Amino acid sequence: VQLQASGGGLVQAGGSLRLSCTTSGIIFSVANMGWYRQAPGKQRELVARIFSTGDTVYADSVKGRFTISRDNGKSMVYLQMNGLRPDDTAVYYCNTMWRQYDYWGQGTQVTVSS
C-alpha cells in the first residue's frame, strides 16, 4: 500500500491550496480516506475524512473552509483548502486504514504567511 501526497506550498493568509493524494495497493472505492495534519510541537490531528459512501467529517477548525473529495476512477483523494490561516500551517498527511493497518503518505508541507 502506498499513499503519495502533493500540492503543499507557501501561501498568504486568505489564499487557497489543493492537496492531492494518489493511492495504490488498495481497493480505493471501498476505502475510507482521511487528511491529517501536524504542526510543530503539536500532535497529529484529523482534518477531514471521506468514507467510501461519500460521507464526510471535518474538524471544527476547518468546517466551511476545507472540502475533501475523492475520485474513485483515479484512486485519488483531494483536500481543497480555502481561506487559509497561519494556524493551518502544518505538514498534511493522507491516511487510510486498510485491512486493520494504518497507512500514511509522506506528508506535504503547507505554510500560511500572515
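The values are calculated or read from the model by the stated rules, or taken from the named source; none is laboratory data. Bear in mind that the values here come from a model prediction, so they are computed numbers and not experimental data. Heads up, the Cβs are rebuilt from the backbone with ideal geometry, glycines too, and the neighbour counts pull from every protein chain shown. Side chains are part of the model used for accessible areas, which takes the heavy atoms of the whole protein and leaves out ligands, DNA and RNA. Shrake-Rupley method; radii C 1.70, N 1.55, O 1.52, S 1.80 Å.
Descriptive notes on the structure:
For every residue, the table says whether it meets (1) modelled with pLDDT under 95; (2) assigned to a strand (DSSP E or B).
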| residue | (1), (2) |
| --- | --- |
| Gly34 | no, yes |
| Arg37 | no, yes |
| Pro40 | yes, no |
| Ser61 | no, no |
| Lys74 | no, no |
| Tyr78 | no, yes |
| Cys94 | no, yes |
| Tyr103 | no, yes |
| Val110 | no, yes |
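- Residues that are touching a Phe, Trp or Tyr at 6+ places or on another chain (Cβ under 9 Å) and outside any loop (DSSP other than H, G, I, E, B), drawn from region 1-16: Gln2, Leu3, Ala5
- Hits in region 16-42 - residues which are open to solvent by 20 Å² or more (accessible area, probe 1.4 Å) and either within 17 Å of Pro86 (Cα to Cα) or in contact with a helix residue (DSSP H, G or I) (Cβ under 9 Å, 6 or more places away or on another chain) (or both): Ser16, Leu17, Arg18, Tyr36, Gln38, Ala39, Pro40, Gly41, Lys42
- Filter pass, Asp87 being closer than 24 Å to Val1 by Cβ, among the charged types (D, E, K, R) and open to solvent by 70 Å² or more (accessible area, probe 1.4 Å): no
- Some residue of region 48-66 being touching a strand residue (DSSP E or B) at 6+ places or on another chain (Cβ under 9 Å) and in contact (Cβ under 8 Å) with a residue 40 or more places away in the chain: no
- Scanning region 72-84 for residues that are open to solvent by less than 50 Å² (accessible area, probe 1.4 Å) and either in contact with a Phe, Trp or Tyr (Cβ under 8 Å, 6 or more places away or on another chain) or within 23 Å of Gly54 (Cα to Cα) (or both) yields Ser75, Met76, Val77, Tyr78, Leu79, Met81.
- Every residue from region 21-32 that is of a type in the set (S, T, N, Q) and part of a strand (DSSP E or B): Thr22, Thr23, Ser24
- Set side by side, the residues Thr23, Thr67 differ, and just one is among the hydroxyl-bearing types (Ser, Thr, Tyr) and in contact with a Leu (Cβ under 6 Å, 6 or more places away or on another chain), which is Thr23.
- Selection within region 90-101 - within 16 Å of the chain's Cα centre (by Cα) and open to solvent by less than 80 Å² (accessible area, probe 1.4 Å): Ala90, Val91, Tyr92, Tyr93, Cys94, Asn95, Thr96
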